[in-house]
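I'd like to ask you about the structure that follows.
Just so it is clear, none of the values below were taken in a lab; they were calculated from the coordinates. Not measured: the values here are computed from a predicted model. Cβ: placed from backbone, ideal geometry, glycine included. Neighbour counts: every protein chain shown.
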There are 2 protein chains.
Amino acid sequence: MPIHLSTAEPDFQQRFAAMLSMKREDSADVNDVVTSIIADVRERGDEALVDLSGRFDRVALTPQTLAFDKDEIAAQIALVSDEERAALTVAADRIRAYHARQLPEDMEWTDPEGATLGWRWTPVSAAGLYVPGGQASYPSSVLMNAIPARVAGVERLVICVPTPNGQVNPLVLLAAQLAGVDEIYRIGGAQAIAAMAYGTETIRPVDKITGPGNAYVAAAKRHVFGRVGIDMIAGPSEVLIIAEGAQNPEWLALDLLAQAEHDADAQSILITPDKALADAVVLEVERILPTLPRAKVAGASWRDYGTVILTRDLDEAATLSDRIAPEHLELCVDDPEALAAKTRHAGAIFLGGWTPEAVGDYVSGPNHVLPTARSARFSSGLSVMDFMKRTTMARLTPEALAKIGPDAVVLAASEGLSAHGLSVASRIRALNGGQG
Amino acid sequence: MPIHLSTAEPDFQQRFAAMLSMKREDSADVNDVVTSIIADVRERGDEALVDLSGRFDRVALTPQTLAFDKDEIAAQIALVSDEERAALTVAADRIRAYHARQLPEDMEWTDPEGATLGWRWTPVSAAGLYVPGGQASYPSSVLMNAIPARVAGVERLVICVPTPNGQVNPLVLLAAQLAGVDEIYRIGGAQAIAAMAYGTETIRPVDKITGPGNAYVAAAKRHVFGRVGIDMIAGPSEVLIIAEGAQNPEWLALDLLAQAEHDADAQSILITPDKALADAVVLEVERILPTLPRAKVAGASWRDYGTVILTRDLDEAATLSDRIAPEHLELCVDDPEALAAKTRHAGAIFLGGWTPEAVGDYVSGPNHVLPTARSARFSSGLSVMDFMKRTTMARLTPEALAKIGPDAVVLAASEGLSAHGLSVASRIRALNGGQG
C-alpha cells in the first residue's frame, strides 16, 4: 500500500513533512574497513589491488593483468549484438551532442578604470570513472560519466570496473570505447577509488573521480575528497509525476514502476488534482507489478515509499514539488511548459506525456546523473563543467592600480594586514615619483 | 630560512615532491565535539544556541537577541569612518560588476529528431554565510560571499557571525548591508552551522552554506553536507610568483609577505630563472619582515614554508606551477599573457607587476575565495553559479519518441530494467495504432 495524502486533510502538513523526512537509505558504517583498504593501497600499491581483488571479487589478477588489454577488449566487444551496438551508438551520439552545448565560454573585458578582467575555463587533466560490477554494471552510466569528461577536454580518462568471479560486461567495454576511454582496470570497491586517487605502480593518479557505487565506494570517495575532486554521492533514485487531464493511466503506472524497479529504496510519487486519475494509476500499478521480472524490488519500493498526493489544483502540486525537489520531475499535463515555469527545484524535467523518464535514462541526451534526496535545492546533475575549472584573471595598468589601489590599502588596514597594504602602496608610491 | 630548490640539482624531483606533499595543516579531530553540538542544536534549538554562545563566546543572549536588530546595526554602522565606508562601497560595486557577468544563460533547442532539449538555471532559495568573529572577521570576506549569492538571485541571505566577549565588527555589518544581507545572527562555531542547516525556532534553515571558519566550523560544514550544499573547505592560503626581467624586488617581497602574514601555515613561493632576482627578493623579505606588525606570523610562514625555486627558463616555471596548482598565481614577467597561456591549473592569475595579489583580495572584482592545497587541479573559486543550480529539460513529440524510443527499449533490456522498456514501448505501441 503506497502512502495516500490529500492536501484537503487537516493533518496534511504533518504527514507530508513525515513523508519528506522518511529515511530511505540504510547506510552501513563501513568507514573503518574503507580506511584500512585505502591505507593498504597507498602502502602496497598494485600488490594490494591484487590481494583485495582476490578476496572481494574472487579473481586471480597480477599487476600485469590489472588493465584490460586491447585484444581482450576487442574480443569482448565483438560479443555485443548489432542491435545493442546501434542503440548504444545512438545514445552516445545524442549524449555527446547535448553536452557539447554545455562547453562554457571564456570572458575578458576592460573596465573604465583600466582593469582587464575575466576568466578562462580549462579541463581537469585526468578523470577516473567508477563503474560497478555485476548486476549494477550499466553501460548507460559509462556514457553519462565519460562523455562529459571527453567533451570537456580531459586528456586522460580511466575506468575502474570490477569483474566479480571474472564476469565481464561486454556492453560496458563497448560504451567505454564509444566514449573514448583510455584505460580500463578490472578493479572495484574502495581499492579502486584509492588507486585512482593516490596512484599505484600501474595506475597513475587522476584529479577527479565520478560514478556510482555501493557503500564502500561512496565512503572511499568521501575519504579521498580534497585529494581529488568527486561528484555528488548519490542516494536512492526518485521520480515525481504531476498529472492532470487526458493521461493514460498505464503509461503513468509504468513510469512509476520504472523508478521503483531500480531499487527497493527508490521512491515514486504521483501528485494530481484528479482523484479518478490517481485511482486508475494505482490500479494499473497493481495490475502490472506482478508481471515484472523485478517485481520483488519494485513491489518493495512501491509498498514502502510509493506516494499519491491529491491536491486542489496544479499550483498546489507545483508548490509541493518544490518542497520535494525531485531528482526526476515528469509533467504529464496539458500545458507542461506553464507548469515547469511554476517549479524551481528539480534535477531534470520531462515535459508532456510523450517524454517518459526512461527515455532520459538512455537516449534523450541530458545527463542521467542527477541530484537525489532533495539536493536539487542546491545542486545540479553531472555536466561538462564538472570536468573543468575556472581560473579568474586580472591585469591592472599602472593607472588602474592608482585608481582602485588606495581603496585596497584602506581595507587592508581595517583588516590589520599591513603587508597587503604595503604591496599596493609601494607600487603607487613609485608611480607618484617616489622610490619604488 | 625558506626552502631553496633548483631544477639544475640532481635531487630536484625528490625535493620538489617533498615540498609538494608537505602537510601544512594540523587539523585537530574535533568531530566528536561537533557531532554533539549539532545534536544539541537539533534537539533544543534556540535554547542550545543561547547556552553554547554563553559557553564559547562568553555572551549572554536570549532567543530575542540572537538576531541583530535594525537599530543596533544602524548604530554600529554609524561608527565606520567615511574613508572605510567609501573603500568598502568601491569594493562592493566592483565585485558586483564582475560577478554580474557570471550569470549563466538558459538554453533550448529542438534537434532534427523532434526532441526539444535544454536547461535552465535557478537560484538557491536561501543561503547562509558564516563569518568568523574576532581577529579573523574580515569585511572583504562578507562581500565576496554575499554578493555572488545576491547576484544569483538568492531570495533569503543570512549571516552568522559570533561576537566573542560581545565584540562586534562594524565593518562586517556595513559589508552585510552593502551586499544586501537579510538577517544577521550573533552566533558562531558549529552551532551556527547547525542552526543554518537544520533551523531553530528563530532561524529558518537555508539550502546552501558558505564562508570560512576554524576547525569546528569546517567539521560542522562537512557534517551537514548533503542536508545543505556547502562551498569548498579551504586550507591554508598560498601564492606562487613567477618572475623574470626588470622586476622590483621590494614589490615581490611584499607580495610574498602579504601571503605569509595571513597565517603561519600560509605558503609563499617564488619561481624564477634569474638567480640575482631571487637573491634580491630574499634579501628584501628579510629586510621588511621584522618591520611588520604581523612579523611573528609572517616569519613563521616564511621560515617553514617559504620556497624559492630556480629554473632554466619560464617554460620550466610554468610546468612546475601546474604541478603546484596554486591558489594565487602572480606572473611578474615581461609577457604575462604568453606565460598564462602555458599554465593550466590555478585559482586566480594576476598578470604583470602592476597587479599585486592584495588588490585581488579587496577591489579588483574577481572572488577571493579560491581553491587551496592543489585543488585548483579540479575546482574553481566561488562564483554566482555556486548559488544556482541547473535543471535539464526535455520534451519529445510523439514522432521523436517513435524515432529514438526503440533504442531506449533495447538498452533497457540490456540492463534488465523491463519497466523502463515498457514505459517507452507502451507509448510507441499506441502511436502505431496498438492499444495505449
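Enumerate the whole-percent occupancy of each 5 Å bin, from 0 to the last occupied one, for all C-alpha pair distances of region B:214-257.
Result, from short to long distances: 5, 16, 19, 11, 8, 9, 11, 10, 8, 4, 0 percent.
Right, next: If a/c stays under 1.5 just call it rounded; otherwise compare a/b with b/c (prolate if a/b is bigger, oblate if not). Do that for region B:1-107, with a ≥ b ≥ c from the square roots of the Cα gyration tensor eigenvalues. Mind dumping the intermediate values first?
Details: a/c = 2.23, a/b = 1.39, b/c = 1.60.
Cα axes put region B:1-107 in the oblate bin.
Taking each residue of B:103-109 in turn, how many C-beta atoms of other protein chains fall within 10 Å of its C-beta, and what is the average?
1
At a Förster radius of 56 Å, what calculated FRET efficiency corresponds to the Cβ-Cβ distance of residue B:165 and residue B:12, to the nearest 0.05? Intermediate results must be reported in sequence, preceding the final value.
Values: r = 50 Å, r/R0 = 0.89.
Calculated value: 0.65.
In region B:322-354, whose amide N lies under 20 Å from the spot 7 Å out along Cα-to-Cβ of residue B:312? List them in ranges.
So the set is B:322-324, B:339-340, B:342-344.
Could I ask something else about it? If the elastic network links every pair of Cα atoms under 10 Å, which of A:80, A:410, A:168 fluctuates the most in the Gaussian network model of chain A?
A:410
Let me ask you something else. Cα gyration tensor of region A:184-321, axes a ≥ b ≥ c as square roots of the eigenvalues: rounded (a/c below 1.5), prolate (a/b > b/c) or oblate? Working shown, then result.
Values: a/c = 3.95, a/b = 2.34, b/c = 1.69.
Prolate is the answer for region A:184-321, as a/c is 1.5 or above and a/b outweighs b/c.
Taking the label point as lying 7 angstrom from Cα along the Cα-to-Cβ axis, what are the distances from residue B:399 to the corresponding position in the remaining copies, in ascending order and in nanometres?
When each copy's label point is compared with this one, the spacings are 5.8 nm.
Another one. Between residue A:323 and residue B:108, what is the FRET efficiency for a Förster distance of 30 Å, r being their Cβ-Cβ separation, to the nearest 0.05?
On the way: r = 26 Å, r/R0 = 0.87.
The calculated FRET efficiency here is 0.70.
Report the residue, chosen from B:120, B:222, B:204, that carries the largest GNM mean-square fluctuation when chain B is represented by alpha-carbon nodes joined by springs under 10 Å.
Of B:120, B:222, B:204, the most mobile in the Gaussian network model is B:120.
Right, next: What does the average come to when, for each residue of peptide A:341-354, you count the partner chain Cβ atoms lying within 10 Å of its Cβ?
Values: counts 1, 0, 2, 7, 6, 5, 4, 6, 7, 5, 5, 7, 5, 14.
Counting other chains' Cβ atoms within 10 Å and averaging over A:341-354 gives 5.
Report, to the nearest 10°, how far helix A:314-324 tilts away from the longest principal axis of the Cα atoms in chain A, using its own Cα long axis and a range of 0 to 90°.
Approximately 60 degrees, to the nearest ten.
What's the extension gain from residue A:71 to residue A:86 if we count 0.36 nm per residue and subtract their Cα-Cα distance?
Numbers: separation 15, 0.36 × 15 = 5.40 nm, distance 2.16 nm.
Here the answer is 3.2 nm.
Using a 10 Å cut-off around each Cβ of peptide A:252-262, what is the average number of partner chain Cβ atoms that fall inside?
Details: counts 1, 4, 10, 7, 2, 5, 9, 3, 1, 7, 3.
Shielding by partners across A:252-262 averages 5.
Against the empirical 2.2 N^0.38 Å scaling, what ratio does the C-alpha Rg of the protein assembly as shown come to?
This ratio for the protein assembly as shown stands at 0.98.
What percentages, rounded to whole numbers, describe P(r) for region A:300-347 computed over all alpha carbon pairs with 5 Å bin width beginning at zero?
5, 18, 29, 26, 13, 6, 2
Shifting gears a bit: Roughly how many debye, to the nearest 20, is the charge dipole of the protein assembly as shown about its Cα centre, given +1 on each Lys and Arg Cβ, -1 on each Asp and Glu Cβ, and no other charges?
Dipole magnitude for the protein assembly as shown comes out near 440 debye.
Specify which residue in the list A:132, A:119, A:247 is farthest towards the positive end of the charge dipole of chain A, using unit charges on the beta carbon of Lys, Arg (+1) and Asp, Glu (-1), about the Cα centre.
Farthest towards the positive pole: A:119.
Can I ask one more? Explain nothing, just compute: Karplus ³J(HN,Hα) = 6.51 cos²θ - 1.76 cosθ + 1.60, θ = phi - 60°, for every residue of region A:212-222 in order, whole Hz, x for Gly and Pro.
In residue order, the calculated couplings are x, x, 7, 4, 5, 5, 4, 5, 5, 5, 4 Hz.
Which entries of B:208/B:403; A:70/B:403; A:275/A:342 have Cα-Cα distances beyond 31 Å here?
Values: B:208/B:403 41 Å; A:70/B:403 34 Å; A:275/A:342 22 Å.
Check vs 31 Å cut-off fails for B:208/B:403; A:70/B:403.
Between region B:88-117 and region A:363-396, what is the separation of their alpha carbon centroids in Å?
Between the Cα centre of region B:88-117 and that of region A:363-396, the gap is 14 Å.
Taking the alpha-carbon centroid of each part, what is the distance from region A:289-336 to region B:227-294 in angstrom?
Cα centroid to Cα centroid, the span is 56 Å.
May I pose another question? Quick one: net charge of residue A:84's neighbours, Cβ under 12 Å, K/R +1, D/E -1?
Taking every Cβ under 12 Å from that of residue A:84, the sum is -3.
Using a Gaussian network model of chain B whose springs link C-alpha atoms within less than 10 Å, name the residue from B:170, B:112, B:273 with the highest mean-square fluctuation.
B:112
I would also like to ask the following. Run through the other copies and list how far each one's label point is from that of residue B:337, in nm with one decimal, shortest first; the point sits 7 Å from Cα along Cα-Cβ.
Shortest to longest, the spacings are 4.3 nm.
For chain A, what is the calculated [θ] at 222 nm in deg cm²/dmol (nearest 500), taking -39500 (n - 2.57) for each run of four or more DSSP H residues and dividing by its residue count? Present the calculation step by step, with values, prior to reporting the outcome.
On the way: 17 runs with 197 residues, N = 436.
When only DSSP H runs of four or more count, the value is -14000 deg cm²/dmol.
Next question, about the same structure. With the Cα gyration tensor of chain A giving a ≥ b ≥ c as the square roots of its eigenvalues, does the rule (a/c under 1.5 for rounded; else a/b larger than b/c for prolate; else oblate) give rounded, prolate or oblate?
Values: a/c = 2.03, a/b = 1.25, b/c = 1.62.
Because a/c hits 1.5 or more and a/b fails to exceed b/c, chain A counts as oblate.
If the label for residue B:79 sits 7 angstrom from Cα along the Cα-to-Cβ line, what are its distances to the same label in every other copy, in nm to one decimal, shortest first?
So the label point of residue B:79 gives 7.4 nm to the other copies.
Please give the charge dipole size of region B:235-380, origin at the Cα centre, charges +1 on K and R Cβ atoms and -1 on D and E Cβ atoms. Round to the nearest 20 debye. Please list the in-between numbers first.
Numbers: 11 positive and 23 negative charges, 82 e Å.
Charge dipole of region B:235-380: 400 debye, to the nearest 20.
Loop only per DSSP, at most 10 neighbouring Cβ atoms within 10 Å: give me the GluC sites (Glu not before Pro) in region A:104-145, ordered by residue number.
Working: sites: A:105, A:108, A:113; in loops: A:105, A:113.
Taking region A:104-145 and a limit of 10 other Cβ atoms within 10 Å, the loop GluC sites (Glu not before Pro) found are A:105.
Further, regarding this structure: What GluC sites (Glu not before Pro) in region A:114-212 are in a loop by DSSP, with at most 14 other Cβ atoms within 10 Å of the Cβ? Show your work: numbers first, answer last.
Details: sites: A:155, A:183, A:201; in loops: A:155, A:201.
Loop-located and lightly packed - A:155, A:201.
Ok, one more. Would you work out the charge dipole size for chain B about its Cα centre, treating the Cβ of every Lys and Arg as +1 and the Cβ of every Asp and Glu as -1, and quote it to the nearest 20 debye? Numbers along the way, then the final one.
On the way: 38 positive and 57 negative charges, 265 e Å.
Computed about the Cα centre, the dipole is about 1280 debye.
Something else: Modelling each spin label as a point 7 Å along the Cα-to-Cβ direction, I'd like the residue B:36/residue A:22 distance in nm, to one decimal.
About 3.5 nm separates the two model spin labels.
Skipping prolines and chain starts, which residues have an amide H placed within reach, meaning under 5 Å, of the one on residue A:4, given they are 5 or more residues away or on another chain?
Answer set, sorted by chain and number: A:308.
Placing +1 on the Cβ of each Lys and Arg and -1 on the Cβ of each Asp and Glu in chain A, which of A:80, A:236, A:197 has its Cα farthest towards the positive end of the resulting dipole?
A:197
I've got another one for you. Tell me, what ³J(HN,Hα) does each residue in region A:325-335 have, in order and in whole Hz, if you take phi through Karplus 6.51 cos²θ - 1.76 cosθ + 1.60 with θ = phi - 60° and put x for Gly and Pro?
Result, ordered by residue: 6, x, 4, 10, 10, 9, 10, 9, 9, 5, 10 Hz.
What FRET efficiency do you get for residue B:276 and residue B:204 if R0 is 56 Å and r is their Cβ-Cβ distance, rounded to the nearest 0.05? Could you put the intermediate results ahead of the total?
Values: r = 61 Å, r/R0 = 1.08.
That pair, residue B:276 with residue B:204, gives E of 0.40.
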